[in-house]
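S.K.: Below is the structure I would like to discuss, written out as structure tokens.
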Amino acid sequence: MKSTVTKFIFLIFLLIFLFAKVSAMNFSVSFPESVEAEKEFQVTIKTDEPATYDVKIFITEDSKEFSEVYFNNDWKNPYYYLSEALAEEAEFKVLPHIAGETQLCVRLRNSAEKSKGFSEDCQQIIVTESTIKKSESSDSEENSKEDEPEDSGKEFSEIKTFEEFEPSKIQTLNYKTENNEKVILSSKAKEQKIITTTDGKTRTYILYGFSTLCVFLLVLFALKRM
């Protein structure tokens, strides 16, 4: 019984190994070790097996955020396979969108036997920062410096404060009220005076008189209560 189970397990492992050997695809990938972000480069794929393959090429992850692949006159999202893109040898253009030390991966699957899975080869690649972005940032910094006025500090230094004006140059404005009384407005806050007109004095007298009358009536009322 034990020998039968052992043979069965050995047969399963043998089948898995043979299936892996059959499904594995021998191919080679070549591309530059260092490339520049936002600048396309070429990837060459070669295989010795007489078959047609679907191809997937991506940098870091199979997302358009990281890279794109040029195929059939258009930039493609690397998430999808390029259908029947490889027979024996093919060249592809890849456009990286990120910078840093990362990986470029190539996946192949047989176009006629897609259910058997794929073979993958990932290799290290260095993506440097884009020179286009660097030049744009430097140009913007230069333009901002050119837009700044050179004499801005001098303009502010030439503005005098209120205390720097000579008292003799401060103009005094004279206004007349309806009763021809002059009201003098001085530019200095310390020399301001409150001017009471004739109408204002009359109102003040009336208010005082009314207050005095009220006090007098209150006193009389209090005496009657006693």
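The values are calculated or read from the model by the stated rules, or taken from the named source; none is laboratory data. What you see is a predicted model; the values in this text were computed from it and never measured. Cβ coordinates were reconstructed from backbone atoms using ideal geometry, including for glycine residues, and neighbour counts include every protein chain displayed.
S.K.: Considering the range 86-103 alone, what residues qualify as being over 13 Å from V55 (Cα atoms) and either not charged (D, E, K, R) or not assigned by TED's automatic domain parsing to the domain that holds Q124 (or both)?
M.R.: If the condition is that a residue be over 13 Å from V55 (Cα atoms) and either not charged (D, E, K, R) or not assigned by TED's automatic domain parsing to the domain that holds Q124 (or both), then L95, P96, H97, I98, A99, G100, T102, Q103 are the ones that fit.
S.K.: Filter the range 31-41 down to the residues that are touching a Pro at 6+ places or on another chain (Cβ under 8 Å) and within 30 Å of A112 (Cα to Cα) and list them by number.
M.R.: F41
S.K.: Among what's in the range 25-45 and is in contact with a Phe, Trp or Tyr (Cβ under 8 Å, 6 or more places away or on another chain) and over 16 Å from E120 (Cβ atoms), pick the residue that is surrounded by the most Cβ atoms within 10 Å (Cβ to Cβ).
M.R.: V35
S.K.: Of all residues in the range 96-127, how many are surrounded by fewer than 19 Cβ atoms within 10 Å (Cβ to Cβ) and either within 18 Å of S30 (Cα to Cα) or within 32 Å of the chain's Cα centre (by Cα) (or both)?
M.R.: Selection size over the range 96-127: 14.
S.K.: List the strands (runs of 3 or more DSSP E) that sit entirely inside the range 32-122 and contain at least 2 residues that are more than 19 Å from I132 (Cβ to Cβ) and free of Cβ contacts under 8 Å to residues at least 60 places away in the same chain.
M.R.: Result: 41-47, 53-59, 82-86, 89-96, 100-110.
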